[in-house]
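Trainee: Quick one: the structure is below, and I'll ask about it shortly.
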Protein chains: 2
Amino acid sequence: MGRTMPDSAIRPRKEFGKTIAADITHRLREEIVSCSLPPGEPLRFDVLRERFGASFTTLREALTALAAEGLVDAQEQRGFRVAPVSRQDLVEVTDARVLIEVELIRRAIERGDDDWEIAVISTLHRLKRIEQRDPEHPLRDPEWKIAHRQFHQALVSACGSATLLGIRAELFDRAERYRHLSANFRPRPRDKAGEHQAIMQAAISRNADLAVQLITTHIRTTADNVAKYAGHLLDAE
Amino acid sequence: MGRTMPDSAIRPRKEFGKTIAADITHRLREEIVSCSLPPGEPLRFDVLRERFGASFTTLREALTALAAEGLVDAQEQRGFRVAPVSRQDLVEVTDARVLIEVELIRRAIERGDDDWEIAVISTLHRLKRIEQRDPEHPLRDPEWKIAHRQFHQALVSACGSATLLGIRAELFDRAERYRHLSANFRPRPRDKAGEHQAIMQAAISRNADLAVQLITTHIRTTADNVAKYAGHLLDAE
DNA sequence: GAGACTCGTATTTTCGAAAATACTATCCGT
DNA sequence: ACGGATAGTATTTTCGAAAATACGAGTCTC
């Protein structure tokens, strides 16, 4: 059931949040992060209105929220557009991520309890399961994306700072957008499964220095690959 | 002139931004940071509508932006309120600030050029001038607030990362709100002038380790004083 | 009397029309 | 032909009414 719904009448308008604005924010974020709405794309209200079925002001609220997250660029009196990409921005996001993530993994390793260990292990397990299904193009699989995000989220979730977790989440989204940007041009994914496994083991065995080193390499290598395979998209403008 | 304007007709509606929404965002931010709107205060649209002279949707846009900055708490379907304060939040903001600010001061010292040095020296100079006027209650003087903000901004401005500067700015606002919270209960200000002077000298002489240590102490001491003198306001809820 | 329900009120949330602003093509003078 | 003003169009921004939702007082049942 649910498969044959007449939709427009029954299908709930709000899937991800209680308010339509929150829902639109969520859906827009996904489309921007996945580059379904490409960087620099103008976000005209007529078009959005049709695509998302919401009114001017509701869309405006969603765009304002995403502008604060750095995914949308608000040009006063001249509308919104998807935040452009650049080498400089990629470097900034990468550096900031390393700074924050290193701090968080240290704290999580220091403070994590049994539940944390279980979350790390189980999210990694699910990630590996999904990877076995389609080892070639993990980024195209929405389930892999979610599982990947949840594994990294679980790793740092025990850090004890909602503030830093919020900052981390924003940077993660911005970085994921760059990964999607280069996904189509990358010849074959490297051995991410092995890297994740190693990070998990370092974390669970409370080897903070090793975990920090692995995470740093993980982030920087990914960014290097983006620069390598999507470089032509970063200089465009 | 400007003193005798009939205002409602001539006075520009948009002071700080080109759009009314951006203007309201700015004004609301100031009122929240200065605790003119106290922590936890419900933000009802009727009241805001009267106070700021804007419509529902414009206010909503401003509140959404401030929610993303952590100054406003959005409770879906139940409106907005000024973000509450707590010991936990104070600790989180302080720790995050130290982490970011330390990184930025290192980078700025490494990369800062002549213009940077001039900006640091001149913003400190102005700050000291203003302090001489009213050495007792600097936080009550809006000009001191601005000058203080600009000095700290100048210190890190040469870091080279707009992303990290944006994060820093948000944390600075959240910290400043706590300072205002305790300002009324603090017996007398400590020797901030001397601290700022020392930080400036360490920065200009490119002594990164010393600057980092001074900044860290500066931030943590301030936070400790907030906890000491406004503690009764942090446990309330 | 305590808990659950209903209805009326207060408040938030959403909408599309109307105003304000930016963009584009055309016209005019040099 | 070229630069600059101008009118017309496209787009964003703002508004207040209308719909949706939450809150609270009073009522009913057990």
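The values are calculated or read from the model by the stated rules, or taken from the named source; none is laboratory data. Values in this document were obtained by computation on a predicted structure and should not be read as measured data. When we count neighbours, we look across all protein chains shown, and the Cβ atoms used for this are built from the backbone with ideal geometry, even at glycine. These area figures cover heavy atoms from the full protein model, side chains too; ligands, DNA and RNA do not enter into them. Shrake-Rupley method; radii C 1.70, N 1.55, O 1.52, S 1.80 Å.
Trainee: Give the number of residues within segment B:43-53 that are open to solvent by less than 40 Å² (accessible area, probe 1.4 Å), in contact (Cβ under 8 Å) with a residue 24 or more places away in the chain and within 12 Å of DNA strand C (Cβ to nearest atom). If you could, list the steps in order and put the result at the bottom.
Mentor: So the first thing to find is which residues in segment B:43-53 are open to solvent by less than 40 Å² (accessible area, probe 1.4 Å), and the list is B:43, B:48, B:52.
With the extra rule that they be in contact (Cβ under 8 Å) with a residue 24 or more places away in the chain, the set shrinks to B:43, B:52.
Within this subset, residues satisfying the condition of being within 12 Å of DNA strand C (Cβ to nearest atom) are B:43.
Total meeting the criteria: 1.
Trainee: How many of the residues in segment A:90-117 are more than 14 Å from every other protein chain (Cβ to nearest Cβ) and either free of Cβ contacts under 8 Å to residues at least 60 places away in the same chain or basic (Lys, Arg) (or both)?
Mentor: Of the residues in segment A:90-117, 4 are more than 14 Å from every other protein chain (Cβ to nearest Cβ) and either free of Cβ contacts under 8 Å to residues at least 60 places away in the same chain or basic (Lys, Arg) (or both).
Trainee: Now for a different question. I'd like to check something: does segment B:190-209 contain any residue that is among the charged types (D, E, K, R) and modelled with pLDDT of 95 or more?
Mentor: Of the residues in segment B:190-209, the ones among the charged types (D, E, K, R) are B:190-192, B:195, B:206, B:209.
Still in the running and modelled with pLDDT of 95 or more: B:206, B:209.
Looking for residues that are among the charged types (D, E, K, R) and modelled with pLDDT of 95 or more, one finds at least one in segment B:190-209, hence yes.
Trainee: Among the residues in segment A:24-40, are any within 14 Å of DNA strand D (Cβ to nearest atom) and either at pLDDT below 95 or surrounded by fewer than 18 Cβ atoms within 10 Å (Cβ to Cβ) (or both)?
Mentor: Within segment A:24-40, one or more residues are within 14 Å of DNA strand D (Cβ to nearest atom) and either at pLDDT below 95 or surrounded by fewer than 18 Cβ atoms within 10 Å (Cβ to Cβ) (or both).
Trainee: Would you please name the residue that is farthest from B:GLY112 (Cα to Cα), looking only at residues in segment B:182-237 that are touching an Asp or Glu at 6+ places or on another chain (Cβ under 9 Å) and outside any helix (DSSP H, G or I)?
Mentor: Filtering first and then ranking leaves B:ARG188.
Trainee: Out of (1) assigned to a helix (DSSP H, G or I); (2) facing chain B (nearest Cβ under 10 Å), the odd one out for A:GLN77 is which?
Mentor: (1)
Every residue, every condition in (1) among the polar types (S, T, N, Q); (2) within 9 Å of DNA strand C (Cβ to nearest atom), yes or no:
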position	(1), (2)
B:GLU30	no, no
B:SER36	yes, no
B:SER55	yes, yes
B:THR58	yes, no
B:ALA68	no, no
B:GLY79	no, yes
B:PRO84	no, no
B:THR94	yes, no
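Trainee: Now for a different question. Only one of A:SER157, A:SER122 is farther than 26 Å from B:ALA67 by Cα and not in a loop (DSSP other than H, G, I, E, B); which?
Mentor: On the way: A:SER157 fails: farther than 26 Å from B:ALA67 by Cα.
It is A:SER122.
Trainee: Determine whether A:VAL120 is closer than 18 Å to A:LEU214 by Cα and within 14 Å of chain B (Cβ to nearest Cβ). Explain how you work it out, then say what you get.
Mentor: Working: closer than 18 Å to A:LEU214 by Cα: yes; within 14 Å of chain B (Cβ to nearest Cβ): no.
Criteria not met by A:VAL120.
Trainee: Would you pick out the residues in segment A:54-87 that are open to solvent by 70 Å² or more (accessible area, probe 1.4 Å) and either touching a residue at least 60 places away in the same chain (Cβ under 8 Å) or assigned by TED's automatic domain parsing to the domain that holds A:LEU181 (or both)?
Mentor: The answer is A:ARG87, and nothing else.
Trainee: Quick one: would you say A:LEU139 is in a helix (DSSP H, G or I), among the aliphatic types (A, V, I, L, M) and crowded, with 21+ Cβ neighbours inside 10 Å?
Mentor: Numbers: in a helix (DSSP H, G or I): yes; among the aliphatic types (A, V, I, L, M): yes; crowded, with 21+ Cβ neighbours inside 10 Å: no.
The answer is no for A:LEU139.
Trainee: Restricting to segment A:153-178, what's the tally of residues that are over 15 Å from A:VAL93 (Cβ atoms) and either surrounded by fewer than 21 Cβ atoms within 10 Å (Cβ to Cβ) or of a type in the set (S, T, N, Q) (or both)? I'd like the intermediate steps shown before the answer.
Mentor: So in segment A:153-178, the residues over 15 Å from A:VAL93 (Cβ atoms) come out as A:153-166.
Those still in the list that are either surrounded by fewer than 21 Cβ atoms within 10 Å (Cβ to Cβ) or of a type in the set (S, T, N, Q) (or both) too: A:153, A:157, A:160-163, A:165-166.
Number of matching residues: 8.
Trainee: Right, another one. Criterion first (at negative phi, modelled with pLDDT under 95 and within 11 Å of DNA strand D (Cβ to nearest atom)) does A:GLU76 satisfy it?
Mentor: Answer is yes for this residue.
Trainee: Something else about it: Which of the following residues is of a type in the set (Gly, Ala, Ser) and open to solvent by less than 30 Å² (accessible area, probe 1.4 Å): B:ALA193, B:ALA223? Spell out how you get there, then give the answer.
Mentor: On the way: B:ALA193 fails: open to solvent by less than 30 Å² (accessible area, probe 1.4 Å).
Step by step, each of B:ALA193, B:ALA223 is checked, and only B:ALA223 is of a type in the set (Gly, Ala, Ser) and open to solvent by less than 30 Å² (accessible area, probe 1.4 Å).
Trainee: Further question: Out of B:GLU170, B:GLU131, which single residue is modelled with pLDDT of 95 or more and either within 16 Å of DNA strand D (Cβ to nearest atom) or not aliphatic (A, V, I, L, M) (or both)? Don't jump to the end; show me each part of the working.
Mentor: Numbers: B:GLU131 fails: modelled with pLDDT of 95 or more.
It is B:GLU170.
Trainee: Mind checking whether some residue in segment B:89-99 is in contact with a strand residue (DSSP E or B) (Cβ under 8 Å, 6 or more places away or on another chain), open to solvent by 10 Å² or more (accessible area, probe 1.4 Å) and closer than 19 Å to A:GLY166 by Cα? Before the answer, list the steps.
Mentor: Going residue by residue through segment B:89-99, those that are in contact with a strand residue (DSSP E or B) (Cβ under 8 Å, 6 or more places away or on another chain) are none.
No: segment B:89-99 contains no residue that is in contact with a strand residue (DSSP E or B) (Cβ under 8 Å, 6 or more places away or on another chain), open to solvent by 10 Å² or more (accessible area, probe 1.4 Å) and closer than 19 Å to A:GLY166 by Cα.
Trainee: Inspect segment A:136-151 for any residue being aromatic (Phe, Trp, Tyr) and modelled with pLDDT under 95 and give the result as yes or no.
Mentor: The first filter runs over segment A:136-151 and keeps only residues aromatic (Phe, Trp, Tyr), leaving A:144, A:151.
Those left that are additionally modelled with pLDDT under 95: A:144.
Yes: one or more hits.
Trainee: Just for segment A:109-124: of the residues that are closer than 13 Å to A:ILE199 by Cα and not charged (D, E, K, R), which one is surrounded by the fewest Cβ atoms within 10 Å (Cβ to Cβ)?
Mentor: From segment A:109-124, those closer than 13 Å to A:ILE199 by Cα are A:109, A:117, A:120-121, A:123-124; that's our starting set.
Restricting the remaining residues to those that are not charged (D, E, K, R) gives A:109, A:120-121, A:123-124.
Details: A:ILE109: 24, A:VAL120: 25, A:ILE121: 16, A:THR123: 22, A:LEU124: 24.
Only one residue tops the list, namely A:ILE121.
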